[in-house]
């Protein structure tokens, strides 16, 4: 279990959250346009589970369908999460800190 | 969800058919309600399979196009135009009728016939003005009206229970139940739920439409079904026939009753909400046709607030054809011709059957067909087939003749439209059933594709 976990999500845990992450990772790895069949073949989940998760992620706009409706791509909400996780630029950070606690902002930059 | 609920007119259905159903069907009336709303819920699950995969203001027309192609789609499109227009007209004339009845119930004399026309035209203008203000304002108005109507239903329920006592458990017994009457009751209820899918036409104006549109359909059916069942039980503590026929719920034998006048005003507002929602759905359908280039392009233009103004006024004009026909045939604009509405609901059921039949080929084309979806489609098809058969071959032969005539007209018009498009715009006719595609801004760039051009 230890070495497999270090390699990333394999969705061997039963939780739906891990399964959803596994689907997102698989779509990212295959690139835009990956089909349902390719995802079912790539993931250690039942077809019904993959369908259910894809439907949910598309409804929540974490995934989008290609114009022909057959393929999937990561949605803009995933990019928004990535931007939020990366945090603000250093100049933006100092500005935010300066607005909240001026003295502490100067100390943090030294 | 407000629009979907408004089209179902829960309080109106409950205070009308809901209360008299126990008398009409006899033992097992609640089975009719469960079967009728159950069929509508199965249809909602079928539409969910489309609505959760793409967003299209054409709703059932687009769903039929995706699965069965342009010809069936255009027939479904014509039936939707007819269905929504007749429903909107029914809402306008029903609101006028109930407003006049409220006046009489409050002690006023019988109003002249011209008042009916003034009310219908005035209410049509109000609907047009509200739709013009934008979807958020019209949705808010509809939500307030439906909340008021459900509160009214609860109040009437409380008064009846206090006056006549609680329903007995024996009313749920199936002893002496007639399966034929139960199924006839279910067929009637199924036709009361037509146009619940009209909220799908608002997908372009809704946040997270792939989630909210399917949820709105299911939730509105659950609310309406619950209200209807509650009204069934109320109809067992005291016969609802007199209430429904005299439009009196508080003072049943009184010719003048101010509380019942207030009830009628609320029901009139509920009918206005129905007209507003059906007109909105029709305008979006016409907008969708225009954007695909299959009707006049002017109907596909929007104003600064994103409202398709020309399509809206065209929809309202179409909705006035029902009351106009009534004033010619029945000499009263406040009465929709008796057989037109039931016949139109039959046409809508046929459309539902077409969409249910479209589900399997659509999912197969995406390689996403599962046994559950096939079972859903088959169940829905069998259900609407049974309802349509019953309405056409049932005891009301007048309705069946009008329904068959309308169905024939819809098919002929749809085929003629298809032939015209194939001759004049063959490339356009091959691409019917457009849906909203993901824009570049909706797609996340990924490191996996070397810079993330993706769908751009």
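Rule-based calculations on the coordinates, nothing more; no lab input. Model, not experiment: these values are computed from the prediction. Positions of Cβ are backbone-derived with ideal geometry, glycine not excepted, and every protein chain shown enters the neighbour counts.
For the protein assembly as shown, adding -39500 (n - 2.57) for each run of n ≥ 4 DSSP H residues and dividing by the number of residues yields -22500 deg cm²/dmol at 222 nm. The ranking of B:115, B:375 by Cβ neighbour count inside 10 Å, starting from the fewest, reads B:375, B:115. Under 1.5 on a/c is rounded, so check that first for the stretch B:17-161, then, if it is not, pick prolate when a/b is larger than b/c and oblate when it is not; a ≥ b ≥ c are the square roots of the alpha carbon gyration tensor eigenvalues. Oblate, because a/c is 1.5 or more while a/b does not exceed b/c. Give the Rg/Rh ratio for the stretch B:1-71, taking Rg as the radius of gyration of the Cα atoms and Rh as the Kirkwood radius, to two decimals. In the stretch B:1-71, Rg relative to Rh is 1.11.
Ranked for footprinting exposure by Cβ neighbours inside 10 Å, fewest first, B:82, B:172 give B:172, B:82.
Peptide B:370-376 shows a mean partner chain C-beta count of 1 within 10 Å per residue C-beta. Counting only Cα atoms, the size of chain B along its three principal axes is 76, 50, 46 Å, in decreasing order.
Note on B:131, B:392: ascending count of other Cβ atoms within 10 Å places them as B:392, B:131, the fewest first. As I understand it, the value is the acute angle between the Cα axis of helix B:113-132 and the longest principal axis of the Cα atoms of chain B; what does it come to in degrees, rounded to 10? The angle comes out near 40 degrees. The Cα center of the stretch A:8-81 and the Cα center of the stretch B:258-275 differ in position by 48 Å.
Taking Cα atoms only, the orientation of helix B:135-164 departs from the longest principal axis of chain B by about 30 degrees.
Treating the protein assembly as shown as a set of equal point scatterers at the Cα positions, no solvent, please give the Debye-formula log₁₀ I(q)/I(0) at q = 0.08, 0.11 Å⁻¹. Results for the protein assembly as shown at q = 0.08, 0.11 Å⁻¹ read -0.61, -1.03. Once the Cα atoms are used to define both axes, helix B:29-51 deviates from the longest principal axis of chain B by about 20 degrees.
Considering only alpha-carbon pairs that sit under 8 angstrom and 6 or more positions apart, the relative contact order computed for chain B is 33 percent.
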